[in-house]
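Taking it in order: structure first as structure tokens, then the write-up.
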Amino acid sequence: MCGIIGIVGNAPVADRLVDGLKRMEYRGYDSSGVCTIVDGQFVRRRAEGKLANLLEVLSEQPATGTVGIAHTRWATHGAPTTSNAHPHATEEVALVHNGIIENYKALREELAGENRKYESETDTEVVAHLISSGIEKGLDPREAVGNVLPKLRGAFSLAIAFRSHPDLLVGARLGSPLVVGYGDGEMYLGSDALALAPLTQRIAYLEEGDWVVITRDGAEVFNSRNEPVAREIQSSGASAAAVEKGNYRHFMQKEIFEQPTVVAQTLGSYLRQSDHTVALPQLDFDISKIKRLTIVACGTSYYAGMVAKYWFEQFARVPVDIDVASEFRYRDPVLEDGGLALFISQSGETADTLAALRHCKAEGQTIGVVVNVPTSTMAREADLLLPSHAGPEIGVASTKAFTCQLAVLAALAAHMAVKKGLMNREEEAEVVKHLLEAPAALNAALNHDDNIASMAHLISPARDVLYLGRGQDYPLALEGALKLKEISYIHAEGYASGEMKHGPIALIDDDVPVVVIAPSGPLFEKTVSNMEEVRARGGQVVLISDAEGIKQAGEGCIATIEMPVVHPLIAPLVYAIPVQLLAYHVAVVKGTDVDQPRNLAKSVTVE
Ligand code: F6R
């Protein structure tokens, strides 16, 4: 949700801290701040709004110093003002925090006798005071932090600086990610390896409950029982260039256009081209014995799960329950013995999905995870890890992660069907052949970019837009509506086309564009009937279909978007492209902040 970084350096750190924040701005961009230590005093600079504002502050009032911490915020407690921006500081302690301290009010009460002055409305500031209280009583940083961490409830990662111990930083994680970076005579803390990519590739991932003291000489890691522990130093492989836009105007645009490549990459690791078979990693459970599949995810990842439900049912004949994580975790789901619970997430850190995963694990389910960040918490807690290989996704609106998730899920559904004896060798080869056609079809879909850009003005003046789809195109309708609302701020809803006449059709008038997603095929006629019901009431239809579909039903639509003719299995991947491009171009016409839409953040590590 927020991004944090810390450096114990041997050269000035402010520029490098801000560069790290730039790489994490997708995590939150309400406000930002830096604190360094200069001549035994904290130098703190903070600004409301985008990072550019902090840069302006720093250009007028530089922060020197070779040790520092920094933060980019997605507000939870307290408005995104300068006084609520991190770092929060007392005379002795400055800290940055990602997550939520749920018991902050009780903790403030605990300190009530100490006459402490708070300058923010945040849940974070009290932690600085608690640690400070220990330091003022003569504790050293380790003792002070070690005493405070067990008192904190909620989810957090922290980076903490000490005025009178200017050669060290302390980091801690519980529920929010934190990595330790190893440099040459320098050490780093960061919310992710990407933030540290230009500084180092040598990364140790802290485990839940760990805390760490870093100095220029290295790191000492402790677990939640304050016992020293070793955490392996790995090569992160995170590339500094991955966070560049290249020749594209926005990250979202770049990521949309990367899809043929990254989907091919993903398919390449789950399909064997030589003999047209599905090749999943070695499983240490028998997938043919799985009696029920429970899919849990949020947002776009949830819609990928909805598409996959059709595949698992159709190919593997396994019953599938699917739920959004925030609902799943607060009902009392019936989880049969022998079930596989499958979690889908780009970040692998989404708090609700992670909580649902842990619940299923405690209930004895086998845990499968389709995740884009292979070092994420979900990846590390999975029995079956299925990376989606989309590469870093920076645009807040998810695009390439979605199509890569679909590629993995299609392969998994086919694999399960093969293992259950429901898909013979020829059928498997046929499925693999169609999946391998996806990258070229995605390219063909991207060729319609100019056409879609030129029709964006038909949608941009609308207050409301409806998206309709049937069968596996229904989740795409939901995804199309989500994309449009999150980046263009136009209210949009996705409906199963057959549901229109049960209520939503009342919304139709000539001010409400209706985007119909309908490749030709067995369900086409049905969707076209629903489309005609809309048109009969003055609805303005944009039809996304193939040449045959447009020939049959395109007349009278305000616009059509022609997709290549593809096998139904890969249609959800291909039809994701026009849906993403339409939202993108409408947002560009409206002049919204495509990559950092208001109120959102990429990685939702709070409930
Ligand atoms: C929408 C979007 C969100 C995410 C959701 C889940 O464009 O990006 O709806 O899909 O927050 O995030 P992950 O997949 O990281 O668990």
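Before moving on, here are some points about what is shown:
- For the stretch 435-561, a crude dipole built from +1 on the beta carbon of Lys and Arg and -1 on the beta carbon of Asp and Glu, taken about the Cα centre, is about 180 debye to the nearest 20.
- Fraction of alpha-carbon pairs over 14 Å apart in the stretch 269-332 - percent: 67
- FRET E, pair ALA547, ASP593, Förster distance 35 Å, beta-carbon r, rounded to 0.05: 0.45
- Cα gyration tensor shape of the stretch 483-607, rounded if a/c is under 1.5, else prolate or oblate by comparing a/b with b/c: prolate
- Note on LEU283 and ALA536: their simple-model spin labels are 4.7 nm apart, each label 7 Å out from Cα toward Cβ.
- Were the residues from LYS117 through ASP464 laid out at 0.36 nm apart, the gain over their Cα-Cα distance would be 120.2 nm.
- More than 14 angstrom apart: percent of Cα pairs within the stretch 1-51: 52
- Dipole-positive endmost among GLN259, ASN247, PRO198 within the stretch 197-283 (Cβ charges, Cα centre): ASN247
- Going by neighbour counts of Cβ atoms within 10 Å, the residues SER176, SER59 line up, fewest first, as SER59, SER176.
- For PHE524, net neighbour charge (Lys/Arg +1, Asp/Glu -1) across residues whose Cβ lies under 14 Å away: -2
- Residue ranges 297-303, 43-49 sort as 297-303, 43-49 when ordered by packing (mean number of other C-beta atoms within 10 Å per residue, highest first).
- Over the stretch 1-156: Kirkwood hydrodynamic radius from C-alpha pairwise inverse distances, Å: 15.6
- Hydrodynamic radius of the stretch 386-449 by the Kirkwood approach over all distinct alpha-carbon pairs: 13.4 Å.
- Alpha carbon centroid spacing (whole Å) that separates the stretch 552-580 from the stretch 465-506: 15
- Check: the stretch 152-241 dipole with +1 on Lys, Arg Cβ and -1 on Asp, Glu Cβ, in debye: 240
- Scattering profile of the stretch 446-532 at q = 0.12, 0.14, 0.24 Å⁻¹ [log10 I(q)/I(0), Debye over alpha-carbon scatterers]: -0.35, -0.48, -1.28
- Hull shadow area, averaged, the stretch 372-528 [alpha-carbon convex hull, nm²]: 12.3
- Ranking VAL180, ALA79, LEU55 by Cα position along the charge dipole of the stretch 43-194, where only Lys, Arg, Asp and Glu carry charges on their C-beta atoms, puts ALA79 farthest toward the positive end.
- Positive-end extreme of charge dipole, the stretch 298-395 - chosen from THR375, ALA308, VAL324 (charges on Cβ): THR375
- Given +1 at the Cβ of Lys and Arg, -1 at the Cβ of Asp and Glu and no other charges, the dipole of the chain around its Cα centre is 80 debye to the nearest 20.
- DSSP-defined beta bridges in the chain - what % are antiparallel, rounded to 5: 60
- Put simply, when 354-361, 386-393, 443-450, 124-131 are sorted by average Cβ atoms within 10 angstrom per residue, most first, you get 124-131, 386-393, 354-361, 443-450.
- With both labels modelled 7 Å from their Cα along Cα-to-Cβ, the GLU327 to ASP217 distance reads 5.6 nm.
- A full extension of the chain between ARG108 and ASP39 corresponds to an added length of 21.8 nm, given 0.36 nm per residue minus the alpha carbon distance.
- All Cα-Cα distances of the stretch 20-83, cut into 10 Å bins from zero to the largest, leave 24, 52, 23, 1 percent in each bin in turn.
- Summing charges over neighbours of PRO333, with a neighbour being any other residue whose Cβ is under 13 Å away from its Cβ, gives -3 when K and R count +1 and D and E count -1.
- Global geometry of the chain, whether rounded, prolate or oblate, following the gyration tensor of its Cα atoms and the 1.5 cut on a/c: prolate
Rule-based calculations on the coordinates, nothing more; no lab input. Just so you know, these numbers come straight off a predicted model, no measurement behind them. Neighbour counts run over all protein chains shown; Cβ positions are idealised from the backbone, glycine included.
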